[in-house]
Structure formats: structure tokens, C-alpha cells
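What follows is a set of notes on a single structure, which appears directly below.
Values in this text are rule-based calculations from the coordinates and carry no lab data. Computed from a predicted structure; not experimentally measured. Quick reminder, even Gly has a Cβ in these numbers, built from the backbone with ideal geometry, and neighbours come from all protein chains shown.
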């Protein structure tokens, strides 16, 4: 049977019967695998990028010096290692003193990313591979300004005196934790003993950095986890940098979505290709039935033929995908920072599996129909296979697509949304398309002969044409989604960090300073500073049951429960906060006292809505019920609070205030004047961190856009496959018309009329679909504000009509270039 | 095809006969300009067919030729009336609907004007095709095995109708067939074998 199937495959191939289907399959697998290849490489690069934010592939932090065995283990595994010692200390230069964040590093630091330094203030900076030489420190701009020193000058730190070597302009691993907001002083570890600052009991954090091959890092991490003792932890991306992680997650969602679009579009192309194939094989199978072939034989024959085809096409497709993604990577080398890591083997499996699942899911059901072709067709050509509901035929295929979506997304929610979106679009498109065809068909009995013939053709097969409208509409939906809507989504994403996002935080504002500070800020052109009261309190009991470090297994939870939280009191829900459970304070809550808890903190400490929390602040305790759980937006760069209480509850407690504002552009010395006017304030400058975050985001967005190009290509393929699906009939009918004396122009005009209507309907539907999906993605998946785009309603029909041009160019030309006799002889 | 030299006078009825694969249909296609030869000329009503471009040949067909095919070749999107109207409309002639309806009446399908091809029997479809061929008053009718897809009785009816119409309108007829009885009704018979003329009678 296999040999017969192979012979059939070769015959079909020679006869050109399989070319369309094979091409669709190759392009489908090629599209999917190139997306997968590229996404895999970009994902690896993104991870590397994120590691750069850690300054290493793996970062370990301890409150004491690391035991030598860790260092030795890194070296013995062939990994690169480095260390840093971090603490806060006073630095002096002449009359000036300043609290500075000291970082003493070993050669090789940072292992990922580069330091940037400038020879003097306001001079261009450059990357450097070195660390401060012995006896030298590098200071950041703020520290230089505040201490009034320039490179070449000297500062004192502890008992030692250092020469100022350069301006430190960028540290890749500058974190967002509070300790890092003091201005930076960087030196080398060997100079540390001379300062005398490292004493027992000093608050110092020791960091151990490691970098190297993925597998080596993984193994070392395993080893290290087994050897960690109290006060030592591994900082992964997951726990260290929520804001970076949020960005990465969103980028991966975008990439996954793109790959999913390619999958759905490929499925449509293959369904169309199979439709053409089965139509062309109706006769052959009727004849084989006449010759005595059993249905099971015919089915086995077909199944084998298609399995072999799937294998061959998947192979070619994967190779194509690999070549294409390489070309794109090469083409866009200038846009991609650094080099992309080589892809892993997974995309090959992904591509091949996609090919098999798609072909079997979408091709086998129609082929099963084919085996039921009545032998009568040999005599009467217009007897087709028994009709079945399209849903029944494609149920297997739809299940297959959903499986692939799930696999690509790795997340049920996202996969369900995309699948549901497409399923709904298919249903609605088909219904509207069918209705529109009927309506237009009734109107279309007047006009020129070409126009009437074109419309008559549309009405002749309303179902088949509705399918074609759906296919084109889906293709257009994808294209519109990928161009206009994608742009809107990315704008909305970028818009989450508006250019006037707060970039300065003022901590430790005393109640009596609020008024003078507000006046100072107004004088200096600061717009709309936001101020929150802050009360420090420890969480001592949940539902009257005392809680402490011993109640929690997680290291972070232990640390947090023993320290004071910063609480604030508000009567209105701050922006960027979303209530996930319960409701924000109502009038009753405001009277009685209530508390709102951040989602992850509630998870970590097992706090539920309705629990009574007891806090201790300045020797006094208070308690209140939890009335809501909130989610914070880590991207927002606003002061975020784990606990918010009603004002009445905390107003009697000693509070300080925290303010955030956006510093007016061009006022570099605002921070300095501020700390001179209010010496007790801690001024935190996040503009540097914001800039870094912005550039990471820009790169993520760039990567997402690259991958979108592939899905765009798949969309165009669907359009072409849809046109090709009815090509045979068109060619034949064009030949009949030619035999009856129709000119080329008349034949073309008839086809144009048909496609103009098809294209316009499909285009409008595409606009509708893309808007609906975009809205769903924006509001339900990515939690962005959806931007309504008016252009889409012009672009959809315009693209739909462009299909007419595509058809006139690709299809009608083919129909007209052959002598009519050849087409007439072939029959349908 | 080789060494085909052939002249058909106005009003003549010529049968082209021969075994399957002898080149009958190919010859017909060439005569109608539906196919292009690698070498050679066809003159139709004084015009050099292959001196014209495709559109020129199409215009010539619209003006001079009528066609009847073995597999009917009605356009499935159009009903019987619209199928017959089509060549008139393509030529831009007025009164297409009336003329087509009259023609269908003439072939006995007055009751079937709004029927689509798939709801018509084989014989009815071929009669629609005859109506479509004659409605333009062609000078030359080309028929390619017009009864090939029909049973004997139906076929005979269609052939009778075709010769009647031919006689009524004085059309020149070129008929491809392998049925000697049908060929016998033509004055002139050209026998083809392996792409050459194998005799005339």
C-alpha cells in the first residue's frame, strides 16, 4: 500500500496536482518554523539582555562574605565569576559630605553588559572593560555635582583618600531597590580594607556574580541552592526585578501571539489547498470506485500519500524557515544589539509537528469525504461527494489548531482568546458574507454584461464564496492586526511609561515641610507633584493570631515580616491600582477603618479579604479588616504601597511623606538645590533607571516587530491560496467566454466585478475583525487602553480591493494566457 | 498536425471524421483560433486568424462563429436564458433578452428559460448550447462531437435540430464526429489519421 501511495504521490506531483498543497504546506511550516527559530533566538537574546540587567547570568547576594567554596565552584566549572561589596557610607570632599552607595568590585565586573564612563562632566561617555584602578574611585554625575569635585580631584571615604578617576555614567545592573538610589561611588575591592569601613556589624551586602554557558549555569545554580545557608540567596529575574520581568513577559506574549497567527493562517491556507486538491480528484476517485477499490483501500492510499507529503514538506519547510530567519537576522543585524545566539533544535520539532498536525487535521477530513465519492460521477460530472457540515469536516482540524495554539502560547488564557477570536470571526464572517452576497446578488441584475456575469458567479456558489470571503477576511484581519492594531497596541504599551512619568522621589518629608516644599517645587517649575503620607508599621497579627518569621518558609517573607512596612492612607484608589477582590473603601469603611492589601503580599502572607490585620507603629497598635486586594502596575514608576488604610485609622500616627514628580527638562541642578534647601530629604533620581528601562523596552518592541513580519507573510499567502482555490473554474469559464467571443477586457472585467464585491465585503469584515481582536487583546490580555483607529475602516476595504489587483495579476492572467482550447478540453 | 490544407466554401456542411487522437478536435480548435499553431495559417472570411492578437481573434469569433461542444460548456452561474444572451451581450448587441428567448423557444425550451444548467438534462443542455451557438446568426458553426455525451435517441434529436437550424439560416457547418451516420448527413467528409488528411469523400 505504501509503495502504491508513493507512486500515486509521484504521479500527482508530476501531474502538478500537489504543487499548490505542497507549497501551502511548505510555506506554512516555513512560516511557523522561521517564527519559532527567530523567536527562540530573540528569546535567548532577551534573556541575555535581562541578564545584563543583573550584570550576570546568575546573581547571589549575602549579608556576610561568601565562603571560598562558592568561588572555587564557579572556577572549577569553567564559569566566569566576579564579586561586589555594597554598602552606604559618607563620602567627603573638602567641606562637602554626602551619603553615597559604595560598590567595591573585582576585575571582570560586570559579567554581562558594560560600564560606561566619561573623562569629565558633560563629555561624551564610552563603554569600558575595566574597573577603577587601585587608589581611584569613579563617581556618578550627581555625586560629582554634590561634592563639587571633578576628575583629578580627591575624596575621602572612611580612613582612606582616593583620587577621582572618571564619571560613571551607566551601570547595567543598577537596581531599583531603595539602597541603590543614593549616588554611586565605585571602587575596587582591594582598596576596601584601607577604608576601615568593613567592620563586624556593618550593614553590607556581598554579591557573587557568575556567567557562562546555559547548562553550566544551570548546574551551578542547582549546586548553589543545595549549599545556601541563612542570609544567602540567589537573585533570579523572577524575584529580583519585577518591572523587568513584566516587560519580558509581555514581549513573550507578543512573540507567542505572532507565532499563533502564523499557525491559524497556515491552517486556512492548507484547508483551501486541500479543497482544490479534492475537487480535482473527484473524478479519479469515482473511477477507482468503479474499478472496484474498497473505501478503506482508498482511504489508506490517501492517508499514506499525505503522510509522505507532510514529511517531505515539513522537511523543506524547516530548511526554508531556517534560511529565512538567518536572512532576516542578517538583514537586521544593524538593528539588533550584539549578535543573536544560534537557535536551538526545538523550532525544527515545532515546525515539523505543526506541518503534520495541520495537514492531517485539515486535509484528512475532506479526503475522508473523497472516498465516499459515488461512482456515478463517472457518468454525471455534477454529482459531488455527499455534503457534510463544514464544522463536522473541520472539527479535527480545529482541535489540532487549538492544540498548536496552546503549545505556542504555553498559556490557556491567551490561546483561548486567540482561538475564540478567530472562531468567532469565522462564524460571524461566514454569516455576514453569505447575507451580503445574497443581498448584492439580488441588486446585481442590471448593469454591463461583465458586471452581471461577475455577480451571477458570486451567487452561484454562495457557500463556497462565503468561505472565500472568510479566508480573505481572516487574512486581512491578520494583516490589519499586524500593522495598524499592532502599532496601536505598541503605542499603548509605550504609553504606559509616559515621557512625563515621575522620575524623582522625595523620601522623609516631615509634616511641617510639606508646605515649603510644595512652594519650592512650584517655584522651580515642577508640575503636579504627588504626595503620600507614610507611616512605618510592623504587621504583628492576622485574625488575632500573632505572626513572625517562624510562620513563613520563604526567605523573603521572613525578612519582610520582621521589618516595618510603609503604610499610607488614602480615600481614593491611586491610579494604576486595580482591585482584584472586594471593593475600594466605601463610606462605611472610611468611618470604621479598613485596609487594602497588595495582591502578592496577600499571597505571600496568606491574607484573605475579611481578615483582621493588626499593626504596631511607634509602640501603638491598631487593627482593621481587609476589604480589598489590589494589583499594582510595576511598570508605572509611581510610589507603590503594599498596605493602604483609611485616613482616620492612621492620621494620629507619626508620619513622614513621600513625593514623586517629573523633573523639568534641562534643570540638572534641581536635585542639588533641593537637597541644599531641605537637607534631611532623601532625593531619589530614577531618570537614569527610567532611561535604561525605556531602552530595554524599545529593544523588546523592535524584536516583536521583526517577528511580526513573518505572520504578515503568512497572511498574504492565505489571500493567494484563497484566490487559487477557485482558479481552475475561473480558467475554464474564462475559456468558454473567450470561445464565445469575449475580449480579454470583458473577461477581466467580469472577474474584477466578482472580486471587487468579494474584496470589499471581506475588507470590511477584516477591519471589523482586527478591531474586535485588538480590543480584546488590549483590554483583556495586555491590560492596555485600546486606541480606536479610524484608518482601519479605510485600509480594510482598500486592501480587499487590492486583492482584485492581485487576482487580475496572478489569476486572471493565468486564465487568459493559455489557449482557450486547452482549458476547454480539461473540463472542470 | 501536418500537411493540412483545406478550403470550406460558404454554406457547405463538412464532417471531420477519424479515430480518437487523430487530431479532429485539435483541427477544430485551430480553425476557431482557440489554439495557436506552431506554423501555418487560417483564413476566416478573408481575415488571417493568426495575424490577429488574441482579442482580435475573440472579436472575430464573436462576429462569425458559433460553437457547440461535446460537454456543452454552459456557464453554471447563468440560467438558460442568460447563457444564450451571453454572446449577444459580449458583442454589445441590443435586444439580447428577446432574441435569446425566441431562440430558446425555437429549440423547444420556452418553459426552461430560468433554469440553471445543473437542473437541465443532457439533451436540454445541448439544446441550450445550440441556441447559444445560433443566436448570433454566425456564418460558421463549429461543432465538436455534439452528441458525444448523449444517448442515441437524445443525440439524434439534437443532430436533427442542428441540421434544421443550419438549413434555416444557411450557416456553414464544420462538424467533428466519429459517428458515420452523422457524418453521412454532411455533403463533404474529411478523414483524419495521425494528424494528416487521409482522404476526402
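The mean number of Cβ atoms from other chains found within 10 Å of a Cβ in peptide B:51-61 is 4, as a whole number.
Need one value for B:24-33: mean number of C-beta atoms belonging to other chains within 10 Å of its residues' C-beta atoms.
Details: counts 0, 3, 2, 0, 1, 7, 2, 0, 3, 5.
Mean partner-chain Cβ count within 10 Å for B:24-33: 2.
Helix-only arithmetic for chain B: the sum of -39500 (n - 2.57) across DSSP H runs with n ≥ 4, divided by the residue total, places the mean residue ellipticity at 222 nm at -11500 deg cm²/dmol. Taking every alpha-carbon pair in segment B:122-170 and binning the separations at 5 Å intervals from zero gives 5, 22, 36, 24, 11, 3 percent.
Translational diffusion coefficient, Stokes-Einstein: compute it for segment A:576-633 using the Kirkwood radius over C-alpha pairs as Rh, at 20 °C and 1.002 mPa s, and state it as an integer in µm² s⁻¹.
Working: Rh = 11.9 Å.
Using the Kirkwood radius from Cα pairs, D works out to 181 µm²/s.
Average projected area of the Cα convex hull of segment B:1-133, in nm²?
Values: hull surface 37.7 nm².
So the Cα hull casts an average projection of 9.4 nm².
Relative contact order of chain B, taken over Cα pairs closer than 8 Å and 6 or more residues apart, is 36 percent.
Here A:803, A:318 are placed in order of increasing Cβ neighbour count within 10 Å, fewest first, which gives A:803, A:318. Highest mobility in the GNM of chain B, judged by mean-square fluctuation with C-alpha springs under 10 Å and restricted to B:62, B:131, B:13, is found for B:62.
When you work out D = kT/(6 pi eta Rh) for segment A:528-661 at 10 °C and 1.306 mPa s, using the Kirkwood radius from C-alpha pairs as Rh and the Stokes-Einstein form, the result is 106 µm²/s.
Sort out for me the Cα centre separation of segment A:541-587 from segment A:265-281, rounded to whole Å. Comparing the Cα centres of segment A:541-587 and segment A:265-281, I get a distance of 57 Å.
Would segment A:53-241 count as rounded, prolate or oblate if I go by the C-alpha gyration tensor, calling it rounded below 1.5 in a/c and otherwise prolate when a/b exceeds b/c, oblate otherwise? Please report the intermediate quantities before stating the final value.
Details: a/c = 2.10, a/b = 1.63, b/c = 1.29.
Note, shape of segment A:53-241 comes out prolate.
Give the calculated FRET efficiency between residue A:90 and residue A:631 to the nearest 0.05, with a Förster radius of 41 Å applied to their Cβ-Cβ distance.
Numbers: r = 39 Å, r/R0 = 0.96.
The pair residue A:90/residue A:631 has a calculated efficiency of 0.55.
Inter-label distance, residue B:198 to residue B:7: 2.6 nm, where each label sits 7 Å from its Cα along the C-beta direction. The distance linking segment A:141-155 with segment B:113-178 is 104 Å (Cα centroid to Cα centroid, whole angstrom).
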